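A.B. asks: Below are the structure tokens for one structure; questions will follow.
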Amino acid sequence: WDNADFSRGVGTTFYQEFPTLNTVKPPFIRDVEAKVRRYLRSSYSAAWTLKITWEKAPAYTARTDTRRTITYQAILTTDGFRSYVLMLYQEGGMQWDYTRLAATNVLIGYT
């Protein structure tokens, strides 16, 4: 996430918090729970979820090219005991030209 560069006024970041303990769960939360259950084959009921969206984010450094942007999301969710991160990328995958980035050891994801 640290290689996005919004300094040229291109791209936007949004976030939305979903505290869902003892409340009716919106369709988005039910979808997140279903994904966690499906991918991890475990029961899961979200108590809190945070959705962060980077829309049309240019790669660092934006001064070199603001035409190749990417929209992606990170969804952090927990039931109070276990926590998960879903990372979602626009259809077609990463659009940045990684050969123009300062670092050559590029990762999509987290370690």
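A.B. asks: Using only the heavy atoms of the protein chains and a 1.4 Å probe, how would VAL32, VAL85 rank by accessible area, largest first? Present the calculation step by step, with values, prior to reporting the outcome.
C.D. replies: Values: VAL32 0, VAL85 55 Å².
Descending accessible area places them as VAL85, VAL32.
A.B. asks: Semi-axes, largest first, in whole Å: what does sqrt of 5 times each Cα gyration tensor eigenvalue give for the stretch 12-100? Working shown, then result.
C.D. replies: Numbers: eigenvalues 191, 37, 20 Å².
Each semi-axis is √(5λ); the values are 31, 14, 10 Å.
The values are calculated or read from the model by the stated rules, or taken from the named source; none is laboratory data. Quantities reported herein were computed from a predicted structural model and do not represent experimental measurements. When the accessible area is computed, the model is the full protein with side chains, heavy atoms only, and any ligands, DNA or RNA have been set aside. Shrake-Rupley method; radii C 1.70, N 1.55, O 1.52, S 1.80 Å.
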